[in-house]
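The block underneath contains the structure these notes are about, expressed in structure tokens.
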Amino acid sequence: MITEHVRDAAATAFVFGFFATSWFGWAQEAPPKRLRPVLIAGSVLALITAAAGALFAWRHWSDGTAFDADTSPVFGIVVGIEFGAAAVGAGLLALLRRTELTAPWIAFVVGVHLFPVAALIDYPLVHLVAVLVTVVAVASVPVARARAVAVSAVVGLGTGAVLLVAAVSSLLIALLAY
């Protein structure tokens, strides 16, 4: 589950921690009251992890990385496709007045885009995150309907939790490899 480069593990902790905070925030759109403390705690832990990952990545910026002249442009293309697909889908959902499905759509796109990213940077942990975020996205709508809660609460909590655990794991990988 490790990556070859300390910098990449630390940067992954930053990125996943940052986005975990975003997902925990999105889950606070209309969650059951009992989830609010969990979402706030998740956001705080994710921010701390993101900050630690950013600091550690900065300290190891001159170390090796999977990003080079070949991988960087491909990464940019993958992220560009992700943003485009997310925007088009969100726009269509808005036109169809199905905005409650925007969060699972975005999570689905994020999960799917992580498959080529994981292969590109050769970081097996990211493959696992790709699978789990995609599963959360697909399962969130039926779970939310079965429990009569907002879809954003289910997908935000699930995606935030996956990203937080991956961020902490990635930070530990970076620290232990150092």
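The values are calculated or read from the model by the stated rules, or taken from the named source; none is laboratory data. No experiment lies behind these values; they were computed from the predicted model shown. Backbone-built Cβ (ideal geometry, glycine too); neighbour counts: all protein chains shown. These accessible areas exclude ligands, DNA and RNA; they are computed on the full protein's heavy atoms, side chains included. Shrake-Rupley method; radii C 1.70, N 1.55, O 1.52, S 1.80 Å.
When segment 93-109 is examined, which residues are found to be surrounded by 20 or more Cβ atoms within 10 Å (Cβ to Cβ) and either under 15 Å from residue 157 (Cβ atoms) or small (Gly, Ala, Ser) (or both)?
Selection gives 103, 104, 106, 107.
In the list 47, 55, which residue meets the criterion of being within 27 Å of residue 154 (Cα to Cα), modelled with pLDDT of 95 or more and surrounded by fewer than 20 Cβ atoms within 10 Å (Cβ to Cβ)?
Details: 55 fails: within 27 Å of residue 154 (Cα to Cα).
Only one candidate passes the filter, namely 47.
Look at residue 86 and say whether it is within 17 Å of the chain's Cα centre (by Cα), open to solvent by less than 60 Å² (accessible area, probe 1.4 Å) and within 18 Å of residue 126 (Cα to Cα). It would help to see each step written out before you state the result.
Values: within 17 Å of the chain's Cα centre (by Cα): yes; open to solvent by less than 60 Å² (accessible area, probe 1.4 Å): yes; within 18 Å of residue 126 (Cα to Cα): no.
So residue 86 does not fit the description; no.
With the structure loaded, tell me whether residue 166 is under 12 Å from the mean Cα position of the chain (by Cα), open to solvent by less than 30 Å² (accessible area, probe 1.4 Å) and not charged (D, E, K, R) or whether it fails that test. Steps first, answer last, please.
Values: under 12 Å from the mean Cα position of the chain (by Cα): yes; open to solvent by less than 30 Å² (accessible area, probe 1.4 Å): yes; not charged (D, E, K, R): yes.
Spelling it out, residue 166 is indeed under 12 Å from the mean Cα position of the chain (by Cα), open to solvent by less than 30 Å² (accessible area, probe 1.4 Å) and not charged (D, E, K, R).
Among (1) at pLDDT 95 or above; (2) open to solvent by less than 60 Å² (accessible area, probe 1.4 Å), which single condition is residue 66 missing?
The single condition residue 66 does not satisfy is (1).
Which one of 135, 88, 151, 131 is within 18 Å of residue 22 (Cβ to Cβ) and β-branched (Val, Ile, Thr)? I'd like the intermediate steps shown before the answer.
On the way: 135 fails: within 18 Å of residue 22 (Cβ to Cβ); 88 fails: within 18 Å of residue 22 (Cβ to Cβ); 131 fails: within 18 Å of residue 22 (Cβ to Cβ).
Being within 18 Å of residue 22 (Cβ to Cβ) and β-branched (Val, Ile, Thr) holds for just one of 135, 88, 151, 131, which is 151.
So that you can scan it fast, the table gives a plain yes or no per residue for (1) open to solvent by 30 Å² or more (accessible area, probe 1.4 Å); (2) aromatic (Phe, Trp, Tyr); (3) modelled with pLDDT under 95:
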residue	(1), (2), (3)
1	yes, no, yes
14	yes, yes, no
25	yes, no, no
37	yes, no, no
43	no, no, no
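Check whether at least one residue in segment 116-126 is open to solvent by less than 30 Å² (accessible area, probe 1.4 Å), under 19 Å from residue 157 (Cα atoms) and either at pLDDT 95 or above or not charged (D, E, K, R) (or both), and report yes or no. Show your work before the answer.
Within segment 116-126, the first condition is being open to solvent by less than 30 Å² (accessible area, probe 1.4 Å), and the residues that meet it are 117-118, 121, 123, 125-126.
With under 19 Å from residue 157 (Cα atoms) added as a condition, the list becomes 126.
The next check asks that each one be either at pLDDT 95 or above or not charged (D, E, K, R) (or both); those that pass are 126.
Within segment 116-126, one or more residues are open to solvent by less than 30 Å² (accessible area, probe 1.4 Å), under 19 Å from residue 157 (Cα atoms) and either at pLDDT 95 or above or not charged (D, E, K, R) (or both).
When residues of segment 37-68 are filtered for being within 23 Å of residue 145 (Cα to Cα) and either of a type in the set (Val, Ile, Thr) or within 20 Å of the chain's Cα centre (by Cα) (or both), how many remain? Steps first, please.
The initial filter retains those residues of segment 37-68 that are within 23 Å of residue 145 (Cα to Cα), namely 37-39.
With the extra rule that they be either of a type in the set (Val, Ile, Thr) or within 20 Å of the chain's Cα centre (by Cα) (or both), the set shrinks to 38-39.
The number of residues fulfilling the criteria is 2.
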